[in-house]
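Take a look at the structure below.
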Amino acid sequence: MQIGNRPCRIYGEAHAEYLLLQMTGEHELQSIDHEVAAIAQSSRNFLFAAIPVESWNDALSPWEAPAVWGKQGFGGNAEDTLRFLTEQVIPTLKQQFNLPENVKIILGGYSLARLFALWTPTQTGLFYGIAAASPSVWFPGWMEFEQQHPIQAQCVYLSLGDREEHTKNTVMAVVGDSIRTLHSRLIERGADCTLEWNSGGHFKDADLRTARAFRWVMEKSR
């Protein structure tokens, strides 16, 4: 389905109780079918939209930052991506699929897309839940920003691979301490939040980890 200038993949059913949104890169598209099949093991009825991102590092980063690996830095264009979601994607899907006005919107995904998912509820209360599998909470300045601009979502799933913090990259090695701190903050503020540890590194079973994150948020909803 074309939304704006982007070909989005849509799964699920009309009149759904949950609207699941995931920003996706080219590297994830081949595993989306598998991920959605795993999400569908939940008994909840949902509509899922995979929304393509062209420049991953730019579109999903909340502010500019230098390269952490390789040569490509971060452009800090998350505001434009959020505007596209709120002004085009969500209204279009609500209309086309007759979604209820109070549909619970869950933003999820993997890696930098999940940093974006955690950043969005610091900007708006539109999202009911966040499904953040291995989010890039090592991102320079993120933890300080979130302290000043708290996440507003009611339900937040966090996960990390148990080998992710054991990296020689000094910027990314803080990911373990950062996600523990973020989990504690959210619990203290009264959010419904869990932190799940998975065996392996960052790229192991990304589709299944993301599916588990979406399922947890749907099934925890009150």
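The values are calculated or read from the model by the stated rules, or taken from the named source; none is laboratory data. Small disclaimer: the values here were computed from a predicted structure and weren't measured. Using ideal geometry, Cβ is built from the backbone for each residue, glycine included, and neighbour counts are taken over all protein chains shown. Heavy atoms of the whole protein, side chains included, go into the accessibility calculation; ligands, DNA and RNA do not. Shrake-Rupley method; radii C 1.70, N 1.55, O 1.52, S 1.80 Å.
What the table shows:
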| read-out | value |
| --- | --- |
| From S43, S61, residue being exposed (fewer than 13 other Cβ atoms within 10 Å of the Cβ) and out of contact with any Pro (no Cβ under 9 Å at 6 or more places or on another chain) | S43 |
| Selected residue (criterion: farthest from Q95 (Cα to Cα)) from residues of segment 15-28 that are open to solvent by 40 Å² or more (accessible area, probe 1.4 Å) and out of contact with any Lys or Arg (no Cβ under 7 Å at 6 or more places or on another chain) | H27 |
| Qualifying residue in segment 126-142 (condition: more than 28 Å from A49 (Cα to Cα) and either touching a helix residue (DSSP H, G or I) at 6+ places or on another chain (Cβ under 8 Å) or modelled with pLDDT of 95 or more (or both)) | no |
| The lone exception for N169 - which of (1) at pLDDT 90 or above; (2) surrounded by fewer than 23 Cβ atoms within 10 Å (Cβ to Cβ) it fails | (1) |
| In segment 1-43, residue nearest to Y128 (Cα to Cα) [restricted to those that are in contact (Cβ under 8 Å) with a residue 40 or more places away in the chain, in a loop (DSSP other than H, G, I, E, B) and among the hydrophobic types (A, V, I, L, M, F, W, C)] | A16 |
| Residues of segment 44-101 classified as in a loop (DSSP other than H, G, I, E, B) and not aliphatic (A, V, I, L, M), total | 19 |
| Number of the condition not met by R163 [criteria: (1) of a type outside the set (F, W, Y); (2) surrounded by 15 or more Cβ atoms within 10 Å (Cβ to Cβ); (3) over 27 Å from I90 (Cβ atoms)] | (2) |
| Qualifying positions in segment 62-78 - at pLDDT below 90 and under 25 Å from G129 (Cα atoms) | P62, W63, G76, N77 |
| Answer residue from segment 106-130, given it is surrounded by fewer than 22 Cβ atoms within 10 Å (Cβ to Cβ) and in contact (Cβ under 8 Å) with a residue 60 or more places away in the chain and is nearest to L29 (Cα to Cα) among those | S111 |
| Per-region count, segment 82-105, residues crowded, with 16+ Cβ neighbours inside 10 Å, farther than 13 Å from I51 by Cβ and over 18 Å from the mean Cα position of the chain (by Cα) | 3 |
